[in-house]
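Working notes, beginning with the structure itself.
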Amino acid sequence: MFDRIAPDPSAMELLAFAFAARLGERLVEEAQRIAGCRVALYVVDINGGALRHAGGEIDAPEVLPIDRGVGPEIPADHAPGLEASVRAAAPGVVVVPLWLRSRTLAALLCEREPEGSLVHLIEHAAAAIELADNYTDVFDVARRGHDATPAAELQQDLLPPRIAYVEGAEMAANLLPAYDVGGDWFDHAADTDGAWFAVADAVGKGPRAAALSALAIGAYRSGRRRGRSLQEVAAGIARIVGQVGEDSAYITAVLGRWHAPDHTFSWVRCGHPLPAIWKPDGTLEELDDVGGLPLGLGSPEVPYEVGSRRLEPGERLLIYSDGVTERRTPDGRFGLAGLVRALTAAPSGSASSAAASITAQVLTASERDLRDDATVLVLAPGQLPMDQRLRH
């Protein structure tokens with residue numbers, strides 16, 4: 001069906017020999033040629049709790065429940081759980097995750113043990129899928145189990161990758177629910193000595209909150225990319241919220257910077273829940289309050305106070321929205337105690353493991369649907385991508 005390409009195609013070659021919308025077919029064909037058996041492509045649901053069929057045919061269900069990852073990304077230390085979940089639903093199937101920067105968004109499922117090695121193909125397949133996502137909705141269609149609201153679609157399109165490795169640390173962030181609401185957001189970007197990151201919550205729900213969030217993200221990224229300080233970036237967001245919002249419009253946020261050379265976290269807090277530190281002894285410490293008003297309330301010309309804290313070895317930084325701690329449970333609210341339980345239950349000390357455990361426990365804390373967005377960002381100093389860990 002496709003022109004023959006090199007035996008070990010790169011991501012660019014995979015795309016060069018197939019339209020973006022046909023990339024899934026191209027990957028399945030190449031995998032079947034190498035493996036000598038039937039192969040299917042599955043992608044991770046945007047909510048993170050299932051693999052969904054995206055191409056090829058094997059004897060397996062269209063939807064395969066899996067242990068929840070970090071949104072549509074599965075961290076490397078969840079690989080054993082992924083394989084066990086698939087084998088439970090489809091005995092005999094061999095799972096080949098498509099890894100990219102120590103996380104996977106998709107997997108090839110082989111009906112039996114492959115005859116040839118798929119290592120080179122999987123090294124490039126995930127990158128090819130991420131590139132193709134800029135040109136086609138084919139994979140996004142497969143990732144969705146049901147309709148998302150317009151506000152939620154806008155929200156999803158604005159978010160960066162859930163798992164990222166920056167200078168001296170791993171970051172992982174997630175937002176619930178994936179298919180509805182639309183007021184929360186998070187963002188992050190690496191720089192040469194660390195990273196910028198933010199968690200924010202626009203007042204209200206639905207289209208109005210999503211529109212306000214979109215403008216706030218734009219102001220945040222504009223200030224960050226122009227080399228502004230944390231205080232200047234906060235003021236820029238406050239101005240745009242004040243210009244376009246009604247008198248009651250505002251956004252709460254924590255805007256932060258990680259400086260790797262001295263292991264320092266600096267932040268401004270704008271009416272948002274306090275950042276917290278998960279310590280190696282199992283305690284959770286809320287950081288000193290250096291906060292100001294939510295963005296959009298008060299004058300943007302009044303500077304926000306900047307806090308600073310060195311992160312010691314083994315500590316994890318948590319920033320979250322009130323939808324996490326205020327989640328209703330049968331005996332009250334999720335609260336800080338719920339965060340402690342989730343962090344204690346995390347299978348490893350990685351940021352991705354912590355973020356996955358928190359969002360999973362927020363979801364299962366009640367049988368009722370979430371009434372508010374719930375967002376969490378975790379930064380773990382000293383964590384290396386899985387491929388680097390294997391070389392150390």
Quick check: the angle from helix 206-225's long axis to the longest principal axis of the chain, C-alpha only, nearest 10 degrees? 90 degrees
When the chain is treated as a GNM, springs tying every alpha-carbon pair under 10 Å, which of TYR220, TYR42, TYR135 comes out with the largest mean-square fluctuation? TYR135
Quick one, can you get me the convex hull of the C-alpha atoms of the chain expressed as volume per residue in Å³? 145 Å³
Dipole size in debye (nearest 20) for the chain around its Cα centre, Lys and Arg Cβ +1, Asp and Glu Cβ -1? 260 debye
Residue-averaged [θ]222 nm for the chain, counting only DSSP H segments that reach four residues, each worth -39500 (n - 2.57): -9500 deg cm²/dmol
Rounded to the nearest 20 Debye, what is the dipole magnitude of segment 11-143 about its Cα centre when Lys and Arg each give +1 and Asp and Glu each give -1 at the C-beta? 80 debye
Dividing the Cα radius of gyration by the Kirkwood radius, what Rg/Rh value follows for segment 171-315? 0.97
For GLU167 and SER248 in the same chain, what is the full-extension length gain: residue separation times 0.36 nm, less their Cα-Cα distance, in nm? 25.3 nm
Over segment 11-143, volume per residue of the alpha carbon convex hull, in Å³: 90 Å³
Give me the distance in nm between label points sitting 7 Å out from Cα along the Cα-to-Cβ direction at GLU312 and ARG226, one decimal. 4.0 nm
Of VAL324, VAL203, VAL254, which has the largest mean-square fluctuation in a 10 Å C-alpha GNM of the chain? VAL203
Put +1 on the Cβ of each Lys and Arg and -1 on the Cβ of each Asp and Glu in the chain; which of VAL378, LEU339, ALA249 then has its Cα farthest toward the positive end of the dipole? ALA249
What list do you get for HIS124, HIS78 if you sort them by fewest beta carbons within 10 Å? HIS124, HIS78
Any idea which of SER353, ALA164, VAL199 is furthest toward the positive side of the dipole for segment 150-389, if Lys and Arg beta-carbons carry +1 and Asp and Glu beta-carbons -1? ALA164
Picking from GLY256, GLY92, GLY49, which is most flexible by a Gaussian network model of the chain using Cα springs under 10 Å? GLY92
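Read-outs: derived from the displayed coordinates by stated rules, not from any lab. Every value quoted in this text rests on a predicted model; they were computed, and no experiment measured them. Don't worry about glycine lacking a Cβ; one is built from the backbone with ideal geometry, like all the others, and counts go over all protein chains shown.
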